[in-house]
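Enquirer: Pasting in a structure now, in structure tokens, and then I'll have a few things to ask.
The values are calculated or read from the model by the stated rules, or taken from the named source; none is laboratory data. Please read these numbers as outputs of a predicted model, since none were measured by experiment. FYI the Cβ positions are ideal-geometry reconstructions off the backbone, even for glycines, and counts take in every protein chain you see. When the accessible area is computed, the model is the full protein with side chains, heavy atoms only, and any ligands, DNA or RNA have been set aside. Shrake-Rupley method; radii C 1.70, N 1.55, O 1.52, S 1.80 Å.
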Amino acid sequence: MGFIRFVAFAVVRAWQGFWRNAMMSLAATATVVLMLVLLSGLFIVIGGLNSGLSFIESKVGVTARLRDGLTDSQVQNLVADVRKIPGVKTVDYVSPAEAMNRLKQAYEERGETLNLGGASITLYASLEIGLTTPDMGAQVSQALSGRDEVAQITTRQLDYAKLLNIIGVIRTVGIAALVLVGLTVLFMIVNMIRIAVYSRAGEIEIMRLVGASDSFIRWPFILEGILCGLLGSLVTIVLVAVVWDPIQPIMVRVFQMPTAVSSQFLAVLSALVLGVGLGVGALGSWISVRSNLASAN
Amino acid sequence: MIGVIERPAAAPPPVGEPVIGMVDVGMTYPNGKAALVDVNVSIPAGDFVFLVGPSGAGKTTFIRLVIREQLPTAGRVTVAGYDLARLRRGQVPTLRRRIGIVFQDFRLLPSKTVFENVAFALEVTGTPRSEIKRRVPQLLSLVGLHEHDDHLPNQLSGGEQQRAAIARALVHDPAMLIADEPTGNLDPVTSWELIQLLIQINAMGTTVLMATHNQEIVNAMRRRVLALEQGTLVRDEAGAAYEREY
Ligand SMILES: Nc1ncnc2c1ncn2[C@@H]1O[C@H](COP(=O)(O)OP(=O)(O)OP(=O)(O)O)[C@@H](O)[C@H]1O
Ligand SMILES: [Mg+2]
């Protein structure tokens, strides 16, 4: 009972305090929104790039085109040897017939039919080699190049390194920007609470004299900062939800894969925004209360 | 630290102990000013005490030590059974609820009505609303302000404002009421009305300690007088006058 009364008291006072200096509070809230929008943007872009990365990662590998006319046992020997090369995770033999099937399927997916004009062609057999890590490509091709069963070696990993670089840069720049904006937000909230404390100096003095406990004196200010973070989070979540659908096609186009559009993504992002918003609000007001509300009674 | 709500547990003061006790108390401010020197005082429950002395003698400092706004730099202060030097920070609110205090400048919150000013003191100490509704009118009629409960402080006379401050000081039924020059801003007639109220409160069992420059009142009342001069307690006399009479 007493605790509920305390919470009610603190929440009401925090609410009153927030609106008492509305300009200041709303300015602080706006910086919170700015920070959280930046955070969301970064989260979306890095999330998109990462899923692009794992898509490419799954495609990274080495293809070894085989010489014509190998016997089954020659192929089996080769596969067994390739499996032993360090860095090789999987080895799949693609027969000429299967290669043809894939080609047909690829045409069908584009809504066309493969028309060879009656000619019969034979595709090459190949080994599709998956790697333990994407950067093993060069080493594996090196090892393969000595085998005379192999006619030609192709590696696909150029995009991977490029994308990895881009993600690295975006992450670094983004986090640096976030830290700067975050410090601004902290400064705004610390200041907002400082002014709130001073505008209530008379009340605080009376509270101390009549024997109010520290909790009653401090929590309203802490909650005022948390309220600022909460409002900022809610505004940001609404903003992100509103632009979410329109940006989907763009994301799919930019990152080239639909995996960026995970249904959980928005929920995780909202939780992150809420957590960071509340956290920064609480931290700012806590710092301010610690330095502006003398703890001696 | 910001702890969770702490509910100060009121330990009753041991029977027979003075409400205020000072043993060899000294108070030297950080700037080197010795505001109190070797003060020894014992004030039993129910006493009515005037604290007198010229400006700068240390009266307000004395009061600051009693309400534990400051700790003495020497000696021991006990209040309502608490040794103030040993009081944990979380217990200070408990002590403060045993003491009511009023000042020369009233210190009412200007944007709150008389009722709200008194209610505030209960609210911020976690009192249930029903209790507040019951208690505030009682206190306001005790000080004779029940018809002014919806007035703002600036709509009241000085005497009425001081009564409102007294009502607020009494919300927790304190063991003592401390007044630092309560009549300093009041005309003589109003001052006398206020003293009548303090006498009435004292008669109900509350110890009263009043710092004052008001010679007329001290001389007429003939109560116990503590006189400070440059921080030293130069006189502690029952039934006394403002000035030394011998
Ligand atoms: N915070 C402080 N820091 C330094 N010196 C102080 C402080 N407060 C009071 N003093 C000094 O201590 C001495 C006693 O001051 P105090 O306020 O206790 O006197 P007082 O008897 O209440 O005077 P008055 O009748 O004018 O209210 C004075 O010399 C004063 O200047
Ligand atoms: Mg004084």
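Enquirer: What value in Å³ per residue do you get for the convex hull of the alpha-carbon atoms in region A:61-155? Don't skip to the answer; put the middle values down first.
Expert: Working: hull volume 9.7 nm³, N = 95.
It is 103 Å³ per residue.
Enquirer: How far is the Cα center of region A:72-134 from the Cα center of region B:200-246, in Å?
Expert: Value for the Cα centre distance between the two parts: 108 Å.
Enquirer: Tell me, what are the semi-axes, in whole angstrom and largest first, of the equivalent ellipsoid of region A:154-197 as set by the roots of 5 times the Cα gyration tensor eigenvalues? All intermediate terms of the calculation are to be shown ahead of the outcome.
Expert: Working: eigenvalues 367, 6, 3 Å².
Value: 43, 5, 4 Å, ordered largest first.
Enquirer: What does the average come to when, for each residue of peptide B:118-125, you count the partner chain Cβ atoms lying within 10 Å of its Cβ?
Expert: On the way: counts 1, 0, 5, 6, 1, 8, 14, 6.
Counting other chains' Cβ atoms within 10 Å and averaging over B:118-125 gives 5.
Enquirer: Let me ask another. Just tell me how shielded A:201-207 is by partners: mean number of partner chain Cβ atoms within 10 Å of each residue's Cβ, no decimals. All intermediate terms of the calculation are to be shown ahead of the outcome.
Expert: Working: counts 0, 5, 5, 1, 2, 10, 7.
Going residue by residue through A:201-207 and averaging, the value is 4.
Enquirer: Sequence gap at least 6, Cα distance under 8 Å: using those rules, report the relative contact order of chain B to the nearest whole percent. Walk me through the numbers before you get to the answer.
Expert: Numbers: 455 pairs, mean separation 64.1, N = 246.
With pairs under 8 Å counted, the relative contact order is 26 percent.
Enquirer: Once the principal axes of the Cα atoms of the protein assembly as shown are found, what is the range along each, listed largest first in whole angstroms?
Expert: The Cα atoms of the protein assembly as shown stretch 136, 46, 37 Å along the principal axes, largest first.
Enquirer: Semi-axes of the equivalent ellipsoid of chain A: what are they in whole Å, largest first, if each equals the square root of 5 times a C-alpha gyration tensor eigenvalue?
Expert: On the way: eigenvalues 821, 81, 43 Å².
Ellipsoid half-lengths, sorted descending, are 64, 20, 15 Å.
Enquirer: Measuring from the lowest to the highest alpha carbon on each principal axis, how far does region B:69-176 reach, largest first, in angstroms?
Expert: 46, 31, 22
Enquirer: Eigenvalues of the Cα gyration tensor times 5, then square-rooted: what semi-axes does that give for region A:1-121, in whole angstrom, largest first?
Expert: Values: eigenvalues 869, 96, 38 Å².
With the √(5λ) rule applied to region A:1-121, the semi-axes are 66, 22, 14 Å.
Enquirer: Can you list the DSSP H helices in chain A whose Cα atoms extend at least 15 Å along the helix axis and whose mean Kyte-Doolittle hydropathy is -1.0 or higher?
Expert: On the way: long enough: A:2-20 (27 Å, 0.74); A:22-59 (54 Å, 1.61); A:72-84 (19 Å, -0.65); A:96-109 (20 Å, -1.26); A:158-199 (61 Å, 1.71); A:214-255 (56 Å, 1.45); A:263-292 (44 Å, 1.27).
Counting only whole DSSP H runs, the qualifying helices are A:2-20, A:22-59, A:72-84, A:158-199, A:214-255, A:263-292.
Enquirer: Counting only other chains, and only Cβ atoms inside 10 Å, what mean value do you get across the residues of B:94-102?
Expert: Numbers: counts 2, 2, 8, 3, 1, 3, 3, 2, 1.
Per residue, the number of nearby Cβ atoms from other chains is 3 on average.
Enquirer: Shifting gears a bit: Among the aspartates and glutamates, which fall within straight-line cross-link reach of B:Lys133, defined as a Cα-Cα distance under 13 Å, with same-chain neighbours fewer than 8 residues apart omitted?
Expert: B:Glu116, B:Glu123, B:Asp149
Enquirer: With all protein chains present, how much of the accessible area of region A:61-155 (probe radius 1.4 Å) comes from carbon and sulfur, to the nearest whole percent? Can you show the working numbers first?
Expert: Values: 2740 of 5930 Å².
Taking all protein chains in place, region A:61-155 shows 46 percent carbon and sulfur surface.
Enquirer: Could you give the length gained by full extension between A:Asp92 and A:Ile4, i.e. 0.36 nm per residue of separation minus their alpha carbon distance, to one decimal place? Write down the numbers at each step before the final one.
Expert: Working: separation 88, 0.36 × 88 = 31.68 nm, distance 6.60 nm.
Going from the current span to full extension adds 25.1 nm.
Enquirer: If R0 is 56 Å, what FRET efficiency do you get for A:Ser199 and A:Asp135 from their C-beta distance, rounded to 0.05?
Expert: Working: r = 60 Å, r/R0 = 1.07.
The pair A:Ser199/A:Asp135 has a calculated efficiency of 0.40.
Enquirer: A:Lys59: which lysines have alpha carbons under 18 Å from its alpha carbon, excluding same-chain residues fewer than 8 sequence positions away?
Expert: List returned: A:Lys89, A:Lys162.
Enquirer: Between region A:174-205 and region B:123-152, how many Å separate their Cα centres?
Expert: Between the Cα centre of region A:174-205 and that of region B:123-152, the gap is 36 Å.
Enquirer: Just to check I understand the Karplus step: with θ = phi - 60° and J = 6.51 cos²θ - 1.76 cosθ + 1.60, what whole-Hz values come out for region B:26-37, glycine and proline as x?
Expert: These are the phi-based 3J(HN,Hα) values: x, 9, 10, 5, x, 7, x, 6, 8, 8, 9, 10 Hz.
Enquirer: Still on this structure: To the nearest 0.05, what FRET efficiency results for A:Ala177 and B:Arg88 with a Förster distance of 51 Å applied to their C-beta separation? Walk me through the numbers on the way to the answer.
Expert: On the way: r = 46 Å, r/R0 = 0.90.
So the FRET efficiency works out to roughly 0.65.
Enquirer: Is the shape of region A:1-62 rounded, prolate or oblate, going by the alpha carbon gyration tensor and its root eigenvalues a ≥ b ≥ c, with a/c under 1.5 for rounded and a/b larger than b/c for prolate? Display every interim value, and only then the final one.
Expert: Numbers: a/c = 11.56, a/b = 2.53, b/c = 4.57.
Verdict is oblate for region A:1-62.
Enquirer: Which percentage, to the nearest 5, of the DSSP beta bridges contained in the protein assembly as shown is antiparallel?
Expert: On the way: 35 of 54 bridges.
Taking every DSSP beta bridge within the protein assembly as shown, about 65 percent pair in antiparallel fashion.
Enquirer: Further question on the same structure: With just the Cα atoms of chain B, tell me how far they stretch along each of the three principal axes, in Å, largest first.
Expert: 50, 47, 37
Enquirer: Next up: Once amide H atoms are built 1.01 Å from N in the peptide plane, which residues 5 or more positions from B:Ala45, or in another chain, come under 5 Å H to H?
Expert: B:Val19
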